[in-house]
Amino acid sequence: MLSVKNISKIYQSGFNKLTVLNNISFEVAPGETAAIVGPSGSGKTTLLGLCAGLDRYDAGSITLYDSLLSELDEDGLAQIRNQHVGFVFQNFQLLPTLTALENVMVPMELQGALNAKKKALALLDKVGLADRATHYASELSGGEQQRIALARAFSNNPKILFADEPTGNLDTETGQKVEQLLFNLNRDAGTTLVLVTHDLELANKTEHIIRLKGGVLV
Amino acid sequence: MNGWWIIKMAWRDSRKNRSRLLFFISSIVLGIAALVAIAAFGKNLKQEIDNQAASLIGADLEISSGKPLTVSAHKLIDSLINLSQSHAEEHQFASMANFIKNGGTRLVQIRALTGAYPFYGALETSPAAAAFTFLDDQKILVDKTLLLQFNAAVGDTVKLGDLNFQIAGSLINTPGKTVISGSVAPTIFMPLSLLEKTGLSQKGSRINYKYYFRFLDNYPVDKLVEHLDDQFEQLSLRTETIASTKENTGRSFTDLTDFLGLVGFIALMLGCLGVSSSIHVYVKEKLPSVAILRCIGARSHQTFLIYLAQIIGISTIGALSGVILGAIVQQVLPWILKDFLPVNVRSDISWSAIVQGILIGLSMSLLFSLIPLLSVRKVSPLYTLRIQSNDRLSISKGDALKNLVYLCIIIFITIFSRFQLNSWYQSIAFVMGISMAFVVLYGTAVLLMKALRQYTPLSWPYVWRQGLANLYRPNNQTVMLIVAIGLGTALIASLFFIQGILLNRVTLSSSKNQPNMVLFDIQSSQKDEVAALIKRSKLPVLQKTPIVTMQLTAINNYTLEDVRKDSTLGFSTRAFGGEIRATYKSTLDPSEKITDGQWIEKSMVGDTAKISLDQSYAKRLKVKVGDRLQFNVQGVVIPTIIGSLREVDWNRMQTNFRVLFPLGVIDNAPQFHVIMTRVPNDRVSADIQQLLVKRFPNISIIDLDLILSVLDSILDKIGFVIKFIGAFSILTGIVVLIAAIMISKYQRIQENVLLRTLGASRRQLFTITGCEYLLLGLLASITGIILASIASFLLAFFIFEASFKPSISVILLLLFGVSGLTLFIGLFNSRSALNQPPLVVLRKEV
């Protein structure tokens, strides 16, 4: 499903080069769950971004769902993301001008899927927010927003879900509820899950833990 | 790609921003309104001129001559009389009118008429019958403004020359005449049959002889004129037909509406600049949403198209609003311009003007919006992971497509101005001028921000520093506001300055010791008596000049015929056409300076006369010192050699001449004289005019003070028209300013809430905002005034050849007016941001 081989990422800052990731390799099989952990600045989010095709790497290769990411242009990457990838972010990233329902519908609409509204309503029901379908992000609490984001992430039936600190902005109780929902949806859909977290308790709930420190695997 | 989805997303995304988006686009509404109103007005005016051309000229054919007709010319006129259905004759000249009841005198335009002119249209008089009855008796029609000026009424007596006339009616409207032309030289119609008895036709002054003809319907008048063209030219007869009137009048008014259209276009450009700036901030706010869409699989062109669809939508609404407003403004334009128009203009809707307004508005607003909008294509989905604050999202630079858009804008403006100005040279100059103004204002804004960032003293109170810092914070609107307000100020200041230059030019010449009264048409036999009378009235005779009229008949022995046959000779046929008024004297005036050759004071018997030419006249004739010119001085051929060239200061209030003869050549030619004097006040002016007109009825008098007041009122009227259209730029500047404040409102609320949470009082927040807008207004108005001063100086130096001294009162008025208005609008529109409770920001979405 996801194969990362010897990838490196270097940022140029003036005359200085900053190696953020150095020679990282790992694999995640279909349906497996993995957590990327490490201290702040260790390159966790950068690695997630590269795996999801949000950024370009400088060396090595990443194969996502049989596609070598370095061979795809921006639109090709967008197509992969739309058809095979789901995202959950620490700060929810709902489109503020869209209602909860519309936020969940967008990935399906992009695919040209039929019955997007019906499917989106079913997903909202699954995350327990069917009654908030017409609400905007600003009218929802943090926990509700993240549940909407989860519904959106699963709306295009992704093969793989990338989650960046999915409970980072939530209190413990709400965080645990969202965690539970995430793993339940993941299990039901049979989706591969790669998440970035500081929370070792959350990481321990996954099958693989990828530990980073200073841009290298430890 | 799913176009419907794009539109649906654009609609959804706009949901929470519609009022703001409409506000952005309101900046272009006024510009489009001005363009539509002017274009529709121009079209209606042209239509009316076409419809009313016959009544503008009043006949099918008008033939005029600046001198009495020769035998051959008479023959030609007689043959035309035979061809025509009816005809009329008119002698037109300037003379003094003396209102007997109160002794008032004034220089008027006398139109001595015989026949049923006008054949088309009518002389509008009160009573209406007077237009027909005055020809049969010793009666006249007097311009209504004259009657008002001298408190005269129908039935009163006016003396013209040696004859008393009874006023038959008040002249309300004459075909083809505008209110402005009437105010310069008010008209009196009299019967031609009585002209000789007035004694006015005997004088040497210029009489314009006019013949009007009416032909049968569908008679090919233009073909006839074309057929006789050579004869007309040989006989120095000018012709005017309905078609040529249509063309000439139409052309002058097309020039006027094109110019006004260009002023309106500046308002649109300012508005587009405001739109561009607003969209820039809007797009920056939208970047996180774009990144999310990209993250969940939207392609870059899809996200771009979502926002493009929004812009097209709001631009269409803006353009339509502009069109509606334009249609309303169009109703007012005929009233604003009424004094300049020879015809009544209707206010019909012009669909072509509406389509043109929509297309220009949409294209301009789209082009200007594309500059910030193109950045949407470059938004990386990585922003969803990396950036938490949209302030840090940068908009990419150095995009080839963006450069193409800049190029398109320049091409669009150049082509538009080319159509307005009908000259590539002028349109490029216009684009360069506007670009220069943009660059100067842009540079000023950038320098201000840099200077504030580096040099704001830390010792200054916090509220000042914070207010000034607002001018260079992220998402600031400093550049756009300085450009918009500065350009608007420059436009208005230029109008004031140019009006000042024109008035100064005349006012200066009326300063102390300069003549302010000109007496002309004085016969040789009268000149000494007139001078004596002036002296007896304790007034000075400042200048006494003989004037001899003549025509140029050959340049270096080439006649008009030779020049017409051989274009390689390099002389213009027009050099031979007009009447030249020359003088003779032995010494030059202080206003004249020899630049080439030598001035000969007296010509000896048998010598070829060595004359002196004004150097710019010599340049037009393409002649130099040593070349030979031959003149026809009222039937006598006089060969001359150009002995010298002179630089003449035409700005002085005195008689100046293009051709100057030495003594001993034309001294005995038929001539008339001009005497100049200076009167200390209106009372003395009226007294001496009355005295002179009574004693010498043929003499015409120009009162410079009267000319000045007429000029002042004309400039006021012209200024009002231009200011009316220019006001669209100022109003656009205000809308742009309000839009800029609205756009940064949320950011301001956040800042103010934070400051209030930290303990800032409302007064302190007020001072911070006030500092920001006051500096913005001051700097924009100062830069605008400087730009206007430079432009006015260049105009004064190169075009008007006058000195330019900007009026301090105008400068102060604009400086305080514009800065005060900016400050007021800034504070007024920020009041909700100043009054927000701190809690509101916690729930506020981006």
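Values in this text are rule-based calculations from the coordinates and carry no lab data. Keep in mind it's a predicted model, so treat the numbers as computed, not measured. Because the Cβ atoms are built from the backbone with ideal geometry, glycine has one as well, and the counts that use them run over all protein chains shown.
General remarks:
- Interatomic Cα distance distribution for the range B:193-283, bins of 5 angstrom, percent: 3, 9, 10, 11, 10, 9, 11, 8, 6, 5, 5, 5, 4, 3, 1, 1, 0
- Packing here is the average count of other Cβ atoms within 10 Å per residue, and on that basis the peptides B:631-640, B:764-773, highest first, run B:764-773, B:631-640.
- Converting the Cα gyration tensor eigenvalues of the range B:220-359 into ellipsoid dimensions via √(5λ) gives semi-axes, longest first, of 53, 18, 13 Å.
- Kirkwood Rh and Cα Rg combined as Rg/Rh, chain B: 1.07
- Nearest-0.05 FRET efficiency for B:ASN82 and B:GLU579, computed from C-beta distance (R0 35 Å): 0.75
- 0 to 90° range, to nearest 10: angle between helix B:745-757 axis and chain B longest Cα axis: 60
- Coarse-grained scattering of the range B:336-376 at q = 0.14, 0.32 Å⁻¹, given as base-10 log I(q)/I(0) from a Debye sum over alpha-carbon atoms: -0.56, -0.98
- Distance between the C-alpha centres of the range B:515-568 and the range B:304-332: 61 Å, rounded to the whole angstrom.
- Of interest is the spacing of the C-alpha centroids, which for the range B:223-291 and the range B:710-784 amounts to 31 Å.
- Cα extents for the range B:541-677 along the principal axes, largest to smallest and rounded to whole angstrom: 49, 29, 25.
- Long pairs among B:LYS544/B:LYS585; B:LYS585/B:LYS619; B:LYS8/B:LYS402; B:LYS593/B:LYS619; B:LYS593/B:LYS624, criterion Cα-Cα beyond 18 Å: B:LYS585/B:LYS619; B:LYS8/B:LYS402
- For the range B:602-708, the square roots a ≥ b ≥ c of the C-alpha gyration tensor eigenvalues yield an a/c of 1.5 or more together with a/b exceeding b/c, which makes the shape prolate.
- Peptide ranges B:35-45, B:359-369 listed from the most packed, as the mean C-beta count within 10 angstrom indicates: B:35-45, B:359-369
- Taking only Cα atoms of the range B:459-607, radius of gyration then Dmax in Å: 30.0, 91
- Centre separation in Å (Cα based) which lies between the range A:125-153 and the range B:1-33: 27
- In a fully extended conformation the segment linking B:LEU407 and B:GLN331 would gain 23.7 nm over its present Cα-Cα distance, using 0.36 nm per residue.
- Cβ-Cβ distance of A:LYS117 and B:THR414, R₀ of 35 Å, FRET efficiency by 1/(1 + (r/R0)^6): the value works out to about 0.10.
- Ranked by the mean number of other Cβ atoms within 10 Å of their residues, highest first, the peptides B:565-573, B:518-526 come out as B:518-526, B:565-573.
- Nearest 10 degrees, 0 to 90: helix B:300-336 Cα axis against chain B principal axis: 30
- Residue by residue along B:37-48, Cβ atoms of other protein chains within 10 Å of the local Cβ number 0 on average.
- Distance cut-off 17 Å, percentage of C-alpha pairs in the range B:117-236 lying past it: 65
- Where Rh is the Kirkwood radius over Cα pairs, Rg/Rh for the range B:288-337: 1.42
- Computed over the alpha-carbon pairs of the range B:454-494, the distance histogram in 5 Å steps reads 5, 20, 19, 17, 15, 13, 9, 2 percent, short to long.
- For the range B:142-301, convex hull volume per residue from C-alpha positions, Å³: 295
- Tail beyond 58 Å, pair distance distribution of the protein assembly as shown (Cα, percent): 36
- For the range B:1-149, convex hull volume per residue from C-alpha positions, Å³: 299
- Binned Cα-Cα distance frequencies in chain A - 10 Å width, integer %: 8, 34, 35, 19, 4, 0
- Evaluated at q = 0.15, 0.16, 0.27 Å⁻¹, a Debye calculation over the C-alpha positions of the range B:305-373 (equal weights, vacuum) places log10 I(q)/I(0) at -0.59, -0.64, -1.13.
- Within the range B:1-82, the percentage of alpha carbon pairs spaced more than 14 angstrom apart rounds to 81%.
- Mean per-residue shielding of peptide A:90-99 is 6, counting Cβ atoms of other chains within 10 Å of each Cβ.
- Angle between chain A longest axis and helix A:116-126 axis [Cα atoms, degrees, rounded to 10]: 90
- FRET efficiency, B:TYR462 to B:VAL439 (Cβ-Cβ, R0 30 Å, nearest 0.05): 0.30
- Helix-only [θ]222 nm of the protein assembly as shown, DSSP H runs n ≥ 4, -39500 (n - 2.57) each, per residue, nearest 500: -17000 deg cm²/dmol
- Within 10 Å of each Cβ in B:293-305, the average number of Cβ atoms from other chains: 6
- Working from label points 7 Å from Cα in the Cα-to-Cβ sense, the B:ALA802 to B:ASP162 distance is 4.3 nm.
- Cross-link partners of A:LYS159 among aspartates and glutamates, defined as those whose alpha carbon lies under 13 angstrom from its own and excluding same-chain residues fewer than eight positions apart: A:GLU32, A:ASP66, A:ASP188.
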